[in-house]
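Structure first, commentary second.
The values are calculated or read from the model by the stated rules, or taken from the named source; none is laboratory data. Not measured: the values here are computed from a predicted model. With ideal geometry, Cβ positions are generated from the backbone for all residues, glycine too; neighbour counts draw on all protein chains shown.
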Amino acid sequence: MDRISLGNEEFEGNNNAYVLDGGDGDALALVDTGIAMSDCRAQLRTGLAERGYEFADVDDIVLTHFHPDHAGLVGEIQAESDATVYVHEADAPLVAQDTDAVAAFDRQRRDVLEEWGLPDEPRSELLGFLEAVREIQGEGADVTSIADGDTVAVGGHTLEAVHTPGHTAGLCCLEIGEMPETTGGDEGVDGLEAFVGDAILPVYTPNVGGADVRVERPLEKYLTSLERIADREYDRVWPGHRDPIDDPTDRALTIRDHHRERTGNVLEVLTEHGPADPWTVSAHLFGDLEGIHILHGPGEAYAHLDHLRHEGIVALEDGEYRLVDPDADIAAVVSSTH
Ligand SMILES: [Zn+2]
Ligand SMILES: [Zn+2]
């Protein structure tokens, strides 16, 4: 297994595409593809060429989730190679760029901007940004849907889908099984490892709430996914951005703690300023926002407010969240069995 580091600056930046070839050149697979922009495309082509391959040689592509920085190039690689493309069934219609699914997604996103209380100016700035980045999503692909527990045999490896929703509805970690004698790359697999996409990242806390507005109860789902990752006790994982994570259990629990802290911050905002919509809470937490963060900031605030509402700590009235249980135990609300 081998990693091609891409130098893009969009979204979380520095995406990875992983190359699996089993060391024998018989079967070539990619895990994620990078964004559909010229520099990223050139880097991926060069990375493959250094390993003796071109796009046309790719037999299989497994995507961790639908986001354009992971799936952007999938359609054009498939057009050149006829590769089979695997992605979780919840994200599959968006990777396929199914007209109805894309229209429903856009509509739902507009609706939540209203619900979250975005004023006209940031809302039109965001919608303009989203329209401008539409082309980096690249072309749609013919997809083969996978579900939790499914295994795919690709690039001389067996990958098992471990569904970890939150950041997107269909995000999967791909657990690496059955290692061949030679791995064909410099970064061999040792012990129990997985590709994790944006389920956990080494530097950032992956966005929850804004990154996929289809996800219901996003924070609760994400906390469950973090717990699931911690429970697997991986020896090392390969994220969608930047360097491998050598203590994935610790990283998952650190992110959990970060959300616990943020829950406290959200409650402080409501205590100090009274009932507020997600946009107002976001402004207190994150200040002025630009580009995609105009979506991710209030989305993150919403994810926390929504979680607190289901726990009976805040109530939602006329679009504003009001604190009803000032003595709530945050650690118990944002918890895991660890
Ligand atoms: Zn993502
Ligand atoms: Zn990403």
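Six or more apart or on different chains, Cβ atoms under 7 Å: show the pairs whose first residue is in the stretch 222-237 and within 15 Å of His259 (Cα to Cα) and whose second is among the hydroxyl-bearing types (Ser, Thr, Tyr) and surrounded by 24 or more Cβ atoms within 10 Å (Cβ to Cβ).
Qualifying pairs under 7 Å: Ser225/Thr164.
Restricting attention to the stretch 1-59, which residues are polar (S, T, N, Q), away from ligand 2 (no atom under 15 Å from the Cβ) and closer than 30 Å to Glu290 by Cα? Reasoning before the result, please.
Going through the stretch 1-59, the residues polar (S, T, N, Q) turn out to be 5, 8, 14-16, 33, 38, 43, 46.
So of that shortlist, the ones also away from ligand 2 (no atom under 15 Å from the Cβ) come out as 38, 43, 46.
The answer is Ser38, Gln43.
Can you work out which of the residues in the stretch 240-256 that are outside any helix (DSSP H, G or I) and among the charged types (D, E, K, R) is nearest to Val189 (Cα to Cα)?
Asp246
Please tell me if Ala92 is farther than 29 Å from Glu290 by Cβ and out of contact with any helix residue (DSSP H, G or I) (no Cβ under 8 Å at 6 or more places or on another chain). Please lay out each step first, then the result.
Working: farther than 29 Å from Glu290 by Cβ: yes; out of contact with any helix residue (DSSP H, G or I) (no Cβ under 8 Å at 6 or more places or on another chain): yes.
The answer is yes for Ala92.
Mind checking whether some residue in the stretch 290-305 is outside any helix (DSSP H, G or I) and either farther than 24 Å from His167 by Cβ or hydrophobic (A, V, I, L, M, F, W, C) (or both)?
Within the stretch 290-305, one or more residues are outside any helix (DSSP H, G or I) and either farther than 24 Å from His167 by Cβ or hydrophobic (A, V, I, L, M, F, W, C) (or both).
Does at least one position in the stretch 292-310 carry a residue that is out of contact with any strand residue (DSSP E or B) (no Cβ under 9 Å at 6 or more places or on another chain), within 27 Å of Gly7 (Cα to Cα) and without any contact (Cβ under 8 Å) to a residue 40 or more places away in the chain?
Looking through the stretch 292-310, at least one residue is out of contact with any strand residue (DSSP E or B) (no Cβ under 9 Å at 6 or more places or on another chain), within 27 Å of Gly7 (Cα to Cα) and without any contact (Cβ under 8 Å) to a residue 40 or more places away in the chain.
Could you pull out the residue among Val19, Val58, Val87 that is within 16 Å of ligand 1 (Cβ to nearest atom) and either of a type outside the set (Lys, Arg) or at pLDDT below 95 (or both)?
Numbers: Val19 fails: within 16 Å of ligand 1 (Cβ to nearest atom); Val58 fails: within 16 Å of ligand 1 (Cβ to nearest atom).
Only one candidate passes the filter, namely Val87.
Starting from residues that are more than 13 Å from ligand 2 (Cβ to nearest atom) and aromatic (Phe, Trp, Tyr), keep the ones in the stretch 190-237 and report whichever is nearest to His163 (Cα to Cα).
Top of the filtered list is Tyr222.
Could you go through the stretch 255-274 and let me know if any residue there is on the phi > 0 side of the Ramachandran plot, within 19 Å of the chain's Cα centre (by Cα) and not β-branched (Val, Ile, Thr).
No; the residues of the stretch 255-274 include none that is on the phi > 0 side of the Ramachandran plot, within 19 Å of the chain's Cα centre (by Cα) and not β-branched (Val, Ile, Thr).
If you scan the stretch 152-168, which residues turn out to be within 16 Å of ligand 1 (Cβ to nearest atom) and on the phi > 0 side of the Ramachandran plot?
Within the stretch 152-168, Gly166 is the sole residue that qualifies.
Any residue that is crowded, with 16+ Cβ neighbours inside 10 Å, hydroxyl-bearing (Ser, Thr, Tyr) and closer than 27 Å to Glu311 by Cα - is there at least one of those in the stretch 214-222?
Checked the stretch 214-222: at least one residue is crowded, with 16+ Cβ neighbours inside 10 Å, hydroxyl-bearing (Ser, Thr, Tyr) and closer than 27 Å to Glu311 by Cα.
Scan the helices (runs of 4 or more DSSP H) fully inside the stretch 1-102 and keep the ones with 2 or more residues being surrounded by fewer than 16 Cβ atoms within 10 Å (Cβ to Cβ).
Where helices (runs of 4 or more DSSP H) fall fully within the stretch 1-102 and carry at least 2 residues being surrounded by fewer than 16 Cβ atoms within 10 Å (Cβ to Cβ), they are 38-50, 74-81.
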